[in-house]
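Novice: I'd like to ask you about the structure that follows.
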Amino acid sequence: MPTPASSAPSADSAHYGPQLGDAEFDFIRHVVGENAGIVLGPNKRQLVQGRLARRLRELGLPSYESYCEYLRDAGPEELVGLINAITTNVTSFFRENHHFEALASYMLPEAMKRNAASRRIRIWSAGCSTGEEPHCIAMVANEVLPSSPRYDFKILATDIDSDVVAAATAGIYPLDRMSSVSPERLKRFWQKGAGEHEGCAVAKHDLKSMITFRALNLLHAWPMKGPFDVIFCRNVMIYFDQPTREKLVNRFSELLTPGGYLCIGHSESIHAGSAPFKLVGKTIYRRNGGANG
């Protein structure tokens, strides 16, 4: 899930390298806000300077002023580089586990009943970061869905950061990142890495085949049509301003099937009247309509 980077800049980038001036900081804040919806407050200057210091070195640019000129000229290609540079991705397997418990106990069973004729079930992980969330969804679905009759089950996993999408697609994680995955699930869904991946867990084909990873900016056009039975968008909207959050929630509601679910982060909420949702659990909202009202 992309969030503004929270780590402090290194001493060399913060004190001994080029300094980020007011005009350049304001320009970068504007570009990031307009294109990614991320609000960078005045207190984020050192954070942005530290994050972009490496980008300046990679491009061989002497100053943030020259970087801003480069950004103006380079267009969309460097916009991706900018957003990747200033976002960080904090996630883990089965983070906020109550969402996955709810997925198993009633979200997927309801979807199976609702879609009994088509046997089609779709879930979207919006802000998937390095892929832990969609892999957790896939593990739960493998445990809940019957092997016969088979369901047409797919997970769409998207993130604005193209770098983490590439890492997520690989499905390879250090074993110390797998501590919250039970031994039974490790054995069933993962295999030990070998060679350059020794000390890692590698997602098995049956797990990876359920997930499609794509880079996607939530503020831009969405190519998918839905409907989705469940949407996970956790710890992403907190970094948007309120009008952007409300627009995003309404767009989610349009892609959710009636009776479908939206899971958001522990520090997020949906304001009453902003979309046709009802709070049914801890940070779990059901779209109005369907058998559940």
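Novice: Using Cα pairs under 8 angstrom and six or more residues apart, how large is the relative contact order of the chain, in percent?
Specialist: 18 percent
Novice: Now, a different point. Angle check, please: helix 45-59 long axis (alpha carbons) against the longest principal axis of the chain (alpha carbons), in degrees 0 to 90, nearest 10.
Specialist: Helix 45-59 and the main axis of the chain meet at about 80 degrees.
Novice: With the radius of gyration and the Kirkwood radius both derived from the Cα set of the chain, what is their ratio Rg to Rh?
Specialist: Ratio of gyration radius to Kirkwood radius: 1.00.
Novice: Still on this structure, please answer the following. Please compute the net charge surrounding ALA201, taking Lys and Arg as +1 and Asp and Glu as -1 over other residues with Cβ under 9 Å from its Cβ.
Specialist: Net local charge, ALA201 excluded: +2.
Novice: Let me ask something else. Per residue, what accessible area does the chain have, given a 1.4 Å probe and all protein chains present, in Å²?
Specialist: With all protein chains present, the chain gives 47 Å² per residue.
Novice: How big is the dipole moment of the range 181-234 about its Cα centre under a simple scheme where the beta carbon of each Lys and Arg is +1, that of each Asp and Glu is -1, and everything else is neutral? Debye, nearest 20, please.
Specialist: 100 debye
Novice: Separate question: How many angstrom lie between the Cα centre of the range 61-93 and the Cα centre of the range 131-186?
Specialist: 29 Å
Novice: What FRET efficiency comes out for the pair SER148/LYS225, r = Cβ-Cβ distance, R0 = 25 Å, nearest 0.05?
Specialist: Using R0 = 25 Å, I get an efficiency of 0.30.
Novice: Here's a follow-up. With charges set only on the Cβ (+1 for Lys and Arg, -1 for Asp and Glu), what does the dipole of the chain come to about its Cα centre, in debye to the nearest 20?
Specialist: 1320 debye
Novice: Hey, if you put +1 on the Cβ of every Lys and Arg and -1 on every Asp and Glu Cβ in the range 64-122, which of ILE83, SER118, SER66 ends up farthest toward the positive end of that dipole?
Specialist: Value: SER118.
Novice: List every residue whose amide H lies under 5 Å from the amide H of ILE160, counting only residues 5 or more places away in sequence or on a different chain, with H placed 1.01 Å from N in the peptide plane.
Specialist: LEU216
Novice: Got a sec to turn the phi values of the range 177-184 into Karplus ³J(HN,Hα) couplings, 6.51 cos²θ - 1.76 cosθ + 1.60 with θ = phi - 60°, whole Hz, x for Gly and Pro?
Specialist: 8, 9, 4, 8, 9, 5, x, 5
Novice: Which of the lysines could a cross-linker span from LYS113 if the Cα-Cα distance has to be under 27 Å and same-chain partners fewer than 8 positions apart are dropped?
Specialist: Within the straight-line limit of under 27 Å, LYS113 reaches these lysines: LYS154, LYS208, LYS225, LYS278, LYS282.
Novice: Take the Cα coordinates of the range 39-178, assign each an equal point scatterer, and use the Debye formula without solvent to give log10 I(q)/I(0) at q = 0.08, 0.16, 0.17, 0.21 Å⁻¹.
Specialist: Log10 of I(q)/I(0), two decimals: -0.35, -0.91, -0.97, -1.25.
Novice: Could you calculate the contour length gain from ALA215 to GLU184, that is, 0.36 nm times the residue separation minus the distance between their Cα atoms, to one decimal place in nm?
Specialist: Here the segment from ALA215 to GLU184 would lengthen by 8.0 nm.
Novice: Still on this structure: Can you tell me the 0 to 90 degree angle between the C-alpha axis of helix 22-36 and the longest principal axis of the chain, rounded to 10?
Specialist: 20 degrees
Novice: A follow-up question, please. Comparing PHE189, PHE213, PHE228, which has the greatest mean-square fluctuation in the GNM of the chain with Cα pairs linked when under 10 Å apart?
Specialist: With Cα springs under 10 Å in the chain, the top fluctuation among PHE189, PHE213, PHE228 is at PHE189.
Novice: Length gain on complete extension for the stretch ARG120 to ALA170, per 0.36 nm per residue less the alpha carbon to alpha carbon distance?
Specialist: 15.4 nm
Novice: In degrees between 0 and 90, to the nearest 10, how far off the longest principal axis of the chain does helix 242-255 point, with axes built from Cα atoms?
Specialist: Orientation of helix 242-255: about 30 degrees from the principal axis.
Novice: Now for a separate question. What are the extents of the Cα atoms of the range 147-293 along their three principal axes, in Å, largest first?
Specialist: Sorted largest first, the three principal extents are 54, 39, 29 Å.
Novice: Here is a further query. Summarise the accessible area of the chain (1.4 Å probe, protein heavy atoms) by the percent that is carbon and sulfur.
Specialist: Answer for the chain is 51 percent, counting heavy atoms of protein chains only.
The values are calculated or read from the model by the stated rules, or taken from the named source; none is laboratory data. These numbers were taken from a predicted model, which means no experiment stands behind them. Here Cβ is always computed from backbone atoms with ideal geometry, including for glycine, and neighbour counts include all displayed protein chains. Heads up: the accessible areas ignore ligands, DNA and RNA and are worked out on the full protein's heavy atoms, side chains in. Shrake-Rupley method; radii C 1.70, N 1.55, O 1.52, S 1.80 Å.
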